[in-house]
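Notes to accompany the following structure.
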Amino acid sequence: MTNELNTTDSFLIDKNTEKKFYRKLFWRQNWLMFCTSYTKQQAVTYSWVLEPFLKKIYGTDTPEFYSAMLRHQTFFNTTPMMAPFIMSLNLSMERENKDNKGKFDVSSITAIKSALMGPFAGLGDSVQQGALRIIATGIAIGFCKKGMWLGPLLFLLIFNIPNMLIRWYGAKFGYRLGQGFVTKVMENGIFKTITKAVSVLGLMMIGAMSAQYVSFTTTFQMKTAGQVFKLQSVLDQILPGLLPLTLVLCCFWYLRKKNRPARLLVAIVIIALILTFLGITGGAAK
């Protein structure tokens, strides 16, 4: 399919039908995480989202309709933000299957769905969790620390507006571009490049937030050879923000071992009390 709708499209027969299709798909796909399971993850709601469209393609209570519903009950799990692209792509293929009965390999519908959910999950998680959430949090925290109501509002806007736009236009591109575009993009390695770039951006934001918002300094000092030795001054000469960076990396390493965050919080409080009691941190340097 090209960027324009095929003139022989038996599903979206006019512009009015096209608009209704995209609006309905946009609202229904928001329920993707409503019903998940360990065995199928998002498959149940995935098929529910497609149900009215499959009825329109194959007809109500037809063997083809039930076969399509069963086909979309296979395991599926990806970032919800990226799912509308795959959904509309599947619907495009279902429509092609209907129009070319007997000449279309229906196994390719499930195959491309399974092939895309992994790369799209990596890309979606990098954009949504690794970039948008970090950027939105970094901007919002500054306002929240000053007690400004703009903080939570900016977080919601920065995080959700791109999210909704990707969902809306993803559905459009998925149906219009067809499976040929996806195959070409994956072969060219564009997904890998985008995922890596967004991951780097997310790591940069985490580093900036660690330096700006994580406060961890030492007040330890002692007199030696007639001079006052200040540990914090030495650490600053080695690398400014060395202690906050070390703390963040240690927390990251601990959580990567699949430990509980609650235990980490308790450990930080206990360590802080011990270091303060020993005069290494806390209080004002004399």
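No lab work stands behind these numbers, since they all come straight from the coordinates. Note that the structure is a prediction, hence the values are computed from the model and not measured. Positions of Cβ are backbone-derived with ideal geometry, glycine not excepted, and every protein chain shown enters the neighbour counts.
See the values below:
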read-out: Mean ellipticity per residue at 222 nm, deg cm²/dmol - from DSSP H runs of n ≥ 4 across the chain, formula -39500 (n - 2.57); value: -23000 deg cm²/dmol
read-out: Least to most buried among T17, T137 (fewest other Cβ within 10 Å first); value: T17, T137
read-out: Exposure proxy ranking, count of Cβ atoms within 10 Å, fewest first, for R256, R95, R167, R133; value: R256, R133, R167, R95
read-out: Cα gyration tensor shape of region 216-277, rounded if a/c is under 1.5, else prolate or oblate by comparing a/b with b/c; value: oblate
read-out: Cut-off 13 Å between beta-carbons: net charge of the residues surrounding F85, Lys and Arg +1, Asp and Glu -1; value: +4
read-out: Helix runs (DSSP H) in the chain reaching 18 Å along axis by Cα, Kyte-Doolittle at least 0.0; value: 43-58, 107-127, 150-188, 190-213, 242-256, 261-277
